[in-house]
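Structure incoming, see below.
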Amino acid sequence: MPSSLLTTEQAQRLRLAFDDDRDAETFFLRLERYGPELLDSLRAVYLERADGLLERLLEIMLHAYHTRPADLRRLDEARLLSPDWLQSPNMVGYVAYADRFAGTLRGVQEHVEYLDTLGVTYLHLMPLLRPREGQNDGGYAVADYRSVRPDLGTMDDLSALARDLRGRGISLVLDLVLNHVAREHEWAEKARAGEDRYRDYFHLFADRVLPDAYEATLPEVFPDFAPGNFTWDPELGEGHAGEGGTGGWVWTTFNTYQWDLNWGNPDVLAEFVDIILNLANRGVEVFRLDAIAFMWKRLGTDSQNQPEVHHLTRALRAAARIVAPAVAFKAEAIVGPGDLIHYLGTGTHHGRVSDMAYHNSLMVQLWSSLASRDTRLMEEALRAFAPKPTNTTWGMYVRCHDDIGWAISDTDAARVGISGPGHRAFLSDFYSGEFPGSFARGLVFQFNPATGDRRISGSAASLAGLETALEGGDEALIRLAVGRLLLLHTVILGFGGVPLLYMGDELALTNDDGYADTLEHAADNRWVHRPRMDWALAQEVRDHPDTPAGQVNAGLRWRIAVRKGLPHLHASIESRVIASPDPRVLMLRRDHPLGALLEVYNFSEERVVLPAYVLRGHLGDDAHDALSRSAFHLTRPTVTLDPYRALWLTAPEVNA
């Protein structure tokens, strides 16, 4: 072992923990590979406390390694032989709330075949670890990381589901909330009881002096129902155990009942290494690292995207790789391009932080271009992204459980001659249905009068105009709405990464206007796009593919099948923006060893005529469209794109 990591005596003592020489050799080889990354990041954050922390982590990792089930150990070896498994065009994600999808974890098991036949290879079940009772931010206020919500089942049910999914080649993805825990979590309860060890798990203050200093530069996440970033708790004490109750302030970025953790305390990192490895041994293959950007606090900043966050993530990833290399991390960092790339790794962190990150900007630009019928802002936004590490991937999505925040850069907007604030206002007007001629049916979420910020809730189908079209019964408008939905999903399927289908979008489910009938949902209109799965409709669309929902479903299934057969969509390759001669059309190029793939998307309800030479310059005289299985002769003067038409073009010899 490298002397910088373990002494000879430590290495010998560690080897005594193994009965099997092959197990010992495997562990030591992984420790040799990932141990230096782990220790370097520990030292960067915890300084002189790092070496002692490493010894504690080794004990945690050894226990998890010894208790890792045999089938998961086999998966570890398979993933080490195929480290690009998450980048394969075969990867297609599905995101759902377990209860809304099928009632319980056992219910989800009963519908694994549905996911399999849809082409899903990655299942993200929204927060299912036990939250606090009552309001819990949709499950993101976790009271216990080691148990499942009682109404969903047990940890054994979770393990059984993971095993069934694994047997079908589907990876289980779970949320891991890093920034905070519920006020009812055991750590918070002990902190309120005055236990010094657990008080140091949080950011606690006796008065408002420091909170006010921090607030000067902190934004508000939920200004409507959780203004400010600190909460007075009358049960907080100042002293030792048994001396609680005098009251104090606690850092609560999101809601008053979500207490931010103090990652400056190495005990917190040790707790999460243990939590991650415990869940990994239950069969969780991908961890969605929730609220990751907020983990480190620094006075005078917005306390987001701090350098320590990337060191902490690299340390967590290195520890997981030593025990369970089948596991991957996905960063839930909804931040600007300049900050986002660091979650995949830059410099010494290159490709060593998270394996995957959400491409929030792509999602925002999809809806922006759909409303404006203009892709020039999208072109500018996509060009702003630095190349990602080739061993990482994007998570692309059209809709998710959350609202849409209009993350439009003023700089990008200025480059195309529009006002950033003006365009954001237009998008809020358009998707709330206030803009004249809008096809959308959405709701304003979290209006902030101070900034003018208005986020939007709504299902993909309702925002794309299907709800309005169905109510009007206009067949032409219905066809256009179906075209919009399929166009948006075709872009995420072709961008290069893991496309994430949000539950119900494959059935074109519209807004659930009855969300307010449930008391705990009434104040949060994001529940309008969190409906229950319509299993009767799921059967109907297979029997009647000519209905609007059936057309969306059949179109998605076909595009997924095409994606899986197209090696050009391997995520190690970047999609590059190609200047389009028509602002209504987005053009992307992917350079694969088998040849170029040119993607062409018409973001308007109008027929667009492109000069053929624009395509010929990339592909030659002839091209093949993988989506329609048709040939294009680019020696002709023009190529016509029907409304919302998408093309995935390659040179014909590639398909010979």
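The values are calculated or read from the model by the stated rules, or taken from the named source; none is laboratory data. In this text, all values refer to a predicted model and were calculated from it rather than measured experimentally. FYI the Cβ positions are ideal-geometry reconstructions off the backbone, even for glycines, and counts take in every protein chain you see. Keep in mind that these areas ignore ligands, DNA and RNA; they rest on the heavy atoms of the full protein, side chains included. Shrake-Rupley method; radii C 1.70, N 1.55, O 1.52, S 1.80 Å.
Quick one: which residue in Ser459, Ser409 is out of contact with any Pro (no Cβ under 6 Å at 6 or more places or on another chain) and open to solvent by less than 30 Å² (accessible area, probe 1.4 Å)? Step through it out loud before you land on a result.
Details: Ser409 fails: open to solvent by less than 30 Å² (accessible area, probe 1.4 Å).
Only one candidate passes the filter, namely Ser459.
Yes or no: the range 294-307 includes at least one residue that is part of a helix (DSSP H, G or I) and crowded, with 20+ Cβ neighbours inside 10 Å. Outline the logic, then answer.
Narrowing the range 294-307 to residues part of a helix (DSSP H, G or I): 294, 307.
So of that shortlist, the ones also crowded, with 20+ Cβ neighbours inside 10 Å come out as 294.
Yes, the range 294-307 contains a residue that is part of a helix (DSSP H, G or I) and crowded, with 20+ Cβ neighbours inside 10 Å.
Does Leu486 satisfy being open to solvent by 10 Å² or more (accessible area, probe 1.4 Å), part of a helix (DSSP H, G or I) and more than 23 Å from Ser368 (Cα to Cα)?
Details: open to solvent by 10 Å² or more (accessible area, probe 1.4 Å): yes; part of a helix (DSSP H, G or I): yes; more than 23 Å from Ser368 (Cα to Cα): no.
Answer is no for this residue.
A quick yes/no check of all residues on (1) modelled with pLDDT under 95; (2) in a helix (DSSP H, G or I); (3) open to solvent by 70 Å² or more (accessible area, probe 1.4 Å); (4) of a type outside the set (Asp, Glu):
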{"residue": "Gln10", "(1), (2), (3), (4)": "yes, yes, no, yes"}
{"residue": "Ala17", "(1), (2), (3), (4)": "yes, no, no, yes"}
{"residue": "Leu54", "(1), (2), (3), (4)": "no, yes, no, yes"}
{"residue": "Tyr65", "(1), (2), (3), (4)": "no, yes, no, yes"}
{"residue": "Arg68", "(1), (2), (3), (4)": "no, no, no, yes"}
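A follow-up question, please. Considering only the range 486-525, how many residues are at pLDDT 95 or above and among the acidic types (Asp, Glu)?
Of the residues in the range 486-525, 3 are at pLDDT 95 or above and among the acidic types (Asp, Glu).
Can you tell me which residue is farthest from Ser82 (Cα to Cα) among those in the range 558-593 that are open to solvent by 60 Å² or more (accessible area, probe 1.4 Å) and in a strand (DSSP E or B)?
Once the filter is applied, the top-ranked residue is Arg576.
A further question follows. Is there any pair with a first residue in the range 71-95 that is closer than 9 Å to Pro325 by Cα and a second that is at pLDDT 95 or above and aromatic (Phe, Trp, Tyr) whose Cβ atoms are under 8 Å apart and which are 6 or more apart or on different chains, and what are they?
Arg79/Trp85
Results for (1) touching a Lys or Arg at 6+ places or on another chain (Cβ under 6 Å); (2) open to solvent by 10 Å² or more (accessible area, probe 1.4 Å); (3) closer than 19 Å to Ile276 by Cα, shown as yes or no for each residue.
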{"site": "Val95", "(1), (2), (3)": "no, yes, no"}
{"site": "Gly103", "(1), (2), (3)": "no, yes, no"}
{"site": "Gly107", "(1), (2), (3)": "no, no, no"}
{"site": "Glu113", "(1), (2), (3)": "no, yes, no"}
{"site": "Val120", "(1), (2), (3)": "no, no, no"}
{"site": "Pro131", "(1), (2), (3)": "no, yes, yes"}
{"site": "Gly138", "(1), (2), (3)": "no, yes, no"}
{"site": "Ala141", "(1), (2), (3)": "yes, no, yes"}
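Can I ask one more? Collect the residues in the range 143-159 that are open to solvent by 10 Å² or more (accessible area, probe 1.4 Å) and assigned to a helix (DSSP H, G or I), keeping them in residue-number order.
Within the range 143-159, Met155, Asp156, Asp157, Ser159 qualify.
Any residue in the range 366-387 that's closer than 16 Å to Ser428 by Cβ: show its pairings with residues that are open to solvent by 20 Å² or more (accessible area, probe 1.4 Å) and small (Gly, Ala, Ser) at Cβ separation under 8 Å, as long as the two are six or more apart or on different chains.
Ala371/Ser438
Results for (1) out of contact with any helix residue (DSSP H, G or I) (no Cβ under 6 Å at 6 or more places or on another chain); (2) over 18 Å from Leu487 (Cα atoms), shown as yes or no for each residue.
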site: Arg584; (1), (2): yes, no
site: Arg590; (1), (2): no, yes
site: Leu594; (1), (2): no, yes
site: Leu597; (1), (2): no, no
site: Glu606; (1), (2): yes, no
site: Ala612; (1), (2): yes, yes
site: Asp621; (1), (2): yes, yes
site: Asp625; (1), (2): yes, no
site: Arg636; (1), (2): no, yes
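Please find, within the range 502-523, the residue that is surrounded by the fewest Cβ atoms within 10 Å (Cβ to Cβ) out of those that are part of a loop (DSSP other than H, G, I, E, B) and without any contact (Cβ under 8 Å) to a residue 60 or more places away in the chain. Reasoning before the result, please.
Step one: filter the range 502-523 for residues part of a loop (DSSP other than H, G, I, E, B), giving 503-504, 508-512, 518, 522-523.
Among the residues that remain, those that are also without any contact (Cβ under 8 Å) to a residue 60 or more places away in the chain are: 504, 508-509, 512, 518, 522.
Values: Gly504: 26, Ala508: 28, Leu509: 24, Asp512: 19, Thr518: 9, Ala522: 11.
So, considering only residues that are part of a loop (DSSP other than H, G, I, E, B) and without any contact (Cβ under 8 Å) to a residue 60 or more places away in the chain, the one surrounded by the fewest Cβ atoms within 10 Å (Cβ to Cβ) is Thr518.
Looking at Ala384 and the list (1) touching a helix residue (DSSP H, G or I) at 6+ places or on another chain (Cβ under 9 Å); (2) surrounded by fewer than 18 Cβ atoms within 10 Å (Cβ to Cβ); (3) modelled with pLDDT of 95 or more, which single condition is not satisfied?
(3)
Spot the failing condition for Asp164; the list is (1) under 30 Å from Met91 (Cα atoms); (2) touching a strand residue (DSSP E or B) at 6+ places or on another chain (Cβ under 7 Å), and only one is missed.
(2)
From the list Arg79, Arg106, which one is part of a helix (DSSP H, G or I), in contact with a strand residue (DSSP E or B) (Cβ under 9 Å, 6 or more places away or on another chain) and of a type in the set (D, E, K, R)? Before the answer, list the steps.
On the way: Arg106 fails: in contact with a strand residue (DSSP E or B) (Cβ under 9 Å, 6 or more places away or on another chain).
On inspection, the qualifying residue turns out to be Arg79.
Tally the residues that are over 25 Å from the mean Cα position of the chain (by Cα), crowded, with 16+ Cβ neighbours inside 10 Å and not β-branched (Val, Ile, Thr), restricting the search to the range 416-433.
Within the range 416-433, residues that are over 25 Å from the mean Cα position of the chain (by Cα), crowded, with 16+ Cβ neighbours inside 10 Å and not β-branched (Val, Ile, Thr) number 7.
Here's another thing I want to ask about it. Considering only the range 539-552, I want to know if a residue exists there that is of a type in the set (Asp, Glu) and assigned to a helix (DSSP H, G or I). Spell out how you get there, then give the answer.
Here is the first cut: in the range 539-552, the residues of a type in the set (Asp, Glu) are 540, 543, 546.
Applying the additional criterion that residues be assigned to a helix (DSSP H, G or I) yields 540, 543.
Scanning the range 539-552, I find at least one residue that is of a type in the set (Asp, Glu) and assigned to a helix (DSSP H, G or I), so the answer is yes.
Does Ala291 satisfy the condition of being open to solvent by less than 30 Å² (accessible area, probe 1.4 Å), more than 25 Å from Pro219 (Cβ to Cβ) and either in contact (Cβ under 8 Å) with a residue 60 or more places away in the chain or among the basic types (Lys, Arg) (or both)?
On the way: open to solvent by less than 30 Å² (accessible area, probe 1.4 Å): yes; more than 25 Å from Pro219 (Cβ to Cβ): no; either in contact (Cβ under 8 Å) with a residue 60 or more places away in the chain or among the basic types (Lys, Arg) (or both): yes.
For Ala291, the condition - open to solvent by less than 30 Å² (accessible area, probe 1.4 Å), more than 25 Å from Pro219 (Cβ to Cβ) and either in contact (Cβ under 8 Å) with a residue 60 or more places away in the chain or among the basic types (Lys, Arg) (or both) - is not met.
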